[in-house]
Amino acid sequence: MMSILPRGHIWLRDAWEQALEALEDYSKLTIALDETWPPNVEEDPRDEAAAACQNARYRVERRMRDALADRELIALTIDLRTGLMGELPDREKWRSMSLSGLGGVGLSTLINAVENPGPLTGLPVIINKNNLRQWLNNERGQPSKTIPSGRPPEFRWSEIKEFAFAQMREHGVPGPQNRKFPAQEDLVTLVIENYSHNYDRQPSPSNVRRRLKVWRSEFEQIA
């Protein structure tokens, strides 16, 4: 595994452990598991505590894998030859749960077809810390922020809408005959990438999809 982690990034395994604690308060579950040992001969509460831990791990793994597939969390690798970071393709492969679908093992920094499914790569996977923080805040229903203090700024939706309209004016609405945007998801991705480039943070794909559906309808009425 690489010994140097780029500044502002985190190994995928560490991101998984942070998410497990943030979304399920996992340390309390493991304490409860430890407190049930040794088990009572007549009734073993350890089974219930172990099931609670496993269920929590499954839930967080499911949420993280869907987020990776939907590009709410962006999986990156580093080209060992050039030192440049790049996004992993084949995002849908993240949806497969660990242990051939049983789940609960979680996510590891290195892809494994059985224990840690995902886009096949021999390189370690990393996540941007701001990206992880924003996703965790969204998952917990808290406002997203990438600055240490002050009121978190709202996304500039009017600006995002203008950019989407400009793209549709230049290239047309997404569709099979559109070389630039054969699917609406292509425009969603471009909108997110443009905003992230300008402001170093990004709205969630699901939020952009929902708004873009309305914007597209407005655009088609005035085009």
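Any idea which residue in the range 153-179 is farthest from residue 218 (Cα to Cα), counting only those that are over 26 Å from the mean Cα position of the chain (by Cα) and surrounded by 14 or more Cβ atoms within 10 Å (Cβ to Cβ)?
178
Quick check: anything in the range 156-166 under 22 Å from residue 67 (Cβ atoms) and either outside any helix (DSSP H, G or I) or touching a helix residue (DSSP H, G or I) at 6+ places or on another chain (Cβ under 8 Å) (or both)?
yes
Using the structure shown, decide if residue 110 is modelled with pLDDT under 80 and surrounded by fewer than 19 Cβ atoms within 10 Å (Cβ to Cβ). Can you show your working first?
Working: modelled with pLDDT under 80: no; surrounded by fewer than 19 Cβ atoms within 10 Å (Cβ to Cβ): yes.
Judged against the criteria, residue 110 is not a match.
From the list 115, 72, 92, which residue is under 21 Å from residue 24 (Cβ atoms), in contact with a helix residue (DSSP H, G or I) (Cβ under 6 Å, 6 or more places away or on another chain) and either touching a residue at least 40 places away in the same chain (Cβ under 8 Å) or not assigned by TED's automatic domain parsing to the domain that holds residue 185 (or both)?
Details: 115 fails: in contact with a helix residue (DSSP H, G or I) (Cβ under 6 Å, 6 or more places away or on another chain); 92 fails: under 21 Å from residue 24 (Cβ atoms).
Answer to the selection: 72.
Conditions tested, residue by residue: (1) at pLDDT 90 or above; (2) touching a helix residue (DSSP H, G or I) at 6+ places or on another chain (Cβ under 7 Å).
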| site | (1), (2) |
| --- | --- |
| 53 | no, yes |
| 63 | yes, yes |
| 77 | no, no |
| 84 | no, no |
| 99 | no, no |
| 106 | no, yes |
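The values are calculated or read from the model by the stated rules, or taken from the named source; none is laboratory data. Predicted model, so just to flag it, every value in this text is computed and none were measured. Methodologically, a virtual Cβ is constructed for each residue, glycine included, from the backbone with ideal geometry; neighbour enumeration extends over all protein chains shown.
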